[in-house]
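The numbers here are math on the coordinates, done by the rules we state, and not lab data. Remember, it's a predicted structure, so these values are computed and weren't measured experimentally. Here the Cβ positions follow ideal geometry from the backbone for every residue, glycine too, while neighbour counts run over all protein chains shown.
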Amino acid sequence: MTDSLRIIFAGTPEFAAEHLKALLGTQHQVIAVYTQPDRPSGRGQKLMPSAAKQVALQHEIPVYQPQTLRDSDAQAELATLDADLMVVVAYGLILPQVVLDTPRLGCINSHASLLPRWRGAAPIQRAIEAGDAESGVTVMQMEAGLDTGPMLLKVHTAINPDDTGGSLHDRLASLGPNAVIEAVNGLAAGTLIGEVQDDSLATYAHKLNKEQARIDWTRPADELQRLIRAFNPTPICHSTLNEAPIKILGAECCEGKGAPGTILDATKQGLTVACGTGALLLTRVQLPGGKALNFADLYNSRREQFGLGVVLV
């Protein structure tokens, strides 16, 4: 059995919480959890703890929520914890060099891509959008650059033709924790050696926003189909139909030709819309005030809204 390490865990969303749960099942001691400050959520805008904080509280682990780690007092507080290692997963705050150097074995990060491809904020969605054949999790030793540190361990998974941002996220969230535990054990045993990244192969995964999710119907159908999958469940691709917003959660490439955005056909199988090249069969959509539905359910009740020749913009 490897030595037991004193670990600080730093993470915020559900992806991070799954890693924290896994670490709590090992011989290692999680001595503190760092997470983002509570944020307003829901209709009442009530302050809500992060997923990682909720796990920490359930296990009576001390929680720290500094606004920044660039503050000298926050850095001194972290140093008093006397940690062997800091495990960082989707934390959301920059770790300055003084923090990276504080734990005896430094800081490691679980990143949801096969580095050096897709450094940055949205690697899962960008991999699907780009048509990558595979994704995975890279556990790396952290340094000051964005996702630039030596790679300690990788796990791979194929990106399936029907994968969405949500389904790939969930699969990586199940792969990442075991990879982190293997890396932690390797560091504890002194058997893990990092591989330097080839910066010339690096790509950057920009943050997602709603404007990027607006469908540009002049683009090829296959590009738009990947975008729709990538941006499901958030921020969700959208367009405008009859001057009202329409969200698009599922689509398939199909045969068809016409002015981009024009409705070519409407059946229970879906709504066929012309693209710059080819066409898309929209199979799952959401109209204002309603919930997401398979198009067949909408077609039965709102057929008149989907007339041939109507243009989505």
Phi-derived 3J(HN,Hα) across segment 223-233 with the Karplus relation (6.51, -1.76, 1.60, θ = phi - 60°), rounded Hz, x for Gly and Pro, is 5, 5, 5, 5, 4, 4, 5, 5, 8, 10, x
Rh_Kirkwood(segment 165-313) over Cα pairs, Å, one decimal, evaluates to 17.6 Å
Here, segment 221-305 modelled as identical Cα point scatterers in vacuum has Debye log10 I(q)/I(0) at q = 0.11, 0.16, 0.19 Å⁻¹ of -0.25, -0.55, -0.79
Chymotrypsin sites (Phe, Trp or Tyr not before Pro) in segment 7-111 lying in a DSSP loop, each with at most 11 other Cβ atoms within 10 Å of its Cβ, come to none
FRET efficiency (ASP38, TYR204; Cβ distance; R0 22 Å; to 0.05) is 0.15
Dividing the helical contributions, -39500 (n - 2.57) per DSSP H run of n ≥ 4, by the residues of the chain yields a 222 nm value, nearest 500 deg cm²/dmol, of -8000 deg cm²/dmol
Placing each pseudo-label 7 Å from Cα in the direction of the beta carbon, ASP170 and ASP3 end up separated by a distance in nanometres of 4.0 nm
The simple spin-label model distance between THR277 and GLN45, using points 7 Å out along Cα→Cβ, in nm, is 4.6 nm
Here the residues of segment 243-270 lying in the modelled label zone of THR218, meaning backbone nitrogen under 19 Å from a point 7 Å along Cα-to-Cβ, are 257-263
Any residue on another chain or 5+ positions along whose placed amide H is under 5 Å from the amide H of GLY250 is listed here as THR283, ARG284
GNM on the chain, Cα springs under 10 Å; top mean-square fluctuation among ARG214, ARG117, ARG104 goes to ARG104
Which of GLY250, GLY289, GLY145 fluctuates most in a GNM of the chain (C-alpha springs under 10 Å)? That residue is GLY289
From the Cα centre of segment 32-79 to that of segment 273-313, the distance in Å is 42 Å
Residue separation between LEU146 and ASP162 times 0.36 nm, minus their alpha-carbon distance, gives in nm 2.8 nm
Restricted to the chain, the DSSP antiparallel beta bridge percent, nearest 5, is 65 percent
hull vol. (C-alpha, convex hull) per residue for segment 1-108, Å³ -> 99 Å³
Note: ALA79 to ARG303 extended length (0.36 nm per residue) minus current alpha-carbon separation gives 74.2 nm
When the chain is treated as a Gaussian network with springs between alpha carbons less than 10 Å apart, the largest mean-square fluctuation among ARG43, ARG226, ARG171 is found at ARG43
With Rg from the Cα atoms and Rh as the Kirkwood inverse mean 1/r over Cα pairs, segment 6-205 has an Rg/Rh of 0.96
Interchain or sequence-distant (5+) residues whose placed amide H lies within less than 5 Å of the amide H of THR157 are SER135, GLY136
Among segment 114-134, those whose backbone N falls under 15 Å of a label point 7 Å along Cα→Cβ from ALA292 are 125
The Cα extents of segment 185-271 along the principal axes, largest first and rounded to whole Å, are 62, 25, 24
Relative to the chain, whose Cα atoms define the longest principal axis, helix 14-24 and its Cα axis are tilted in degrees, nearest 10, by 30 degrees
Using eta = 0.692 mPa s and T = 37 °C, Stokes-Einstein with Kirkwood Rh from Cα pairs puts D for segment 76-125, in µm² s⁻¹, at 269 µm²/s
Relative contact order as a percentage, segment 221-305, C-alpha pairs under 8 Å and 6+ apart, gives 25 percent
Flagged as over-length at 26 Å C-alpha distance, from LYS53/LYS207; LYS210/LYS257; LYS46/LYS291, the pairs are LYS210/LYS257
Magnitude of the Cβ-charge dipole (Lys and Arg +1, Asp and Glu -1) of the chain about the Cα centre, nearest 20 debye, reported as 1040 debye
Diffing segment 176-183: the Karplus 3J(HN,Hα) column from phi (6.51, -1.76, 1.60, θ = phi - 60°), in whole Hz with x for Gly and Pro, holds x, x, 5, 5, 5, 4, 4, 5
Ranking VAL196, GLY120, PRO150 by how far each Cα lies towards the positive end of the charge dipole of the chain (+1 on Lys and Arg Cβ, -1 on Asp and Glu Cβ), the top one is GLY120
Any residue on another chain or 5+ positions along whose placed amide H is under 5 Å from the amide H of ALA32 is listed here as PHE9
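Restricting everything to alpha-carbon atoms, can you work out Rg to Rh for segment 46-140 with a Kirkwood hydrodynamic radius?
Checking Rg against Rh, the ratio lands at 1.02.
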Contact order relative to length for the chain, counting C-alpha pairs under 8 Å separated by 6 or more residues, stands in percent at 13 percent
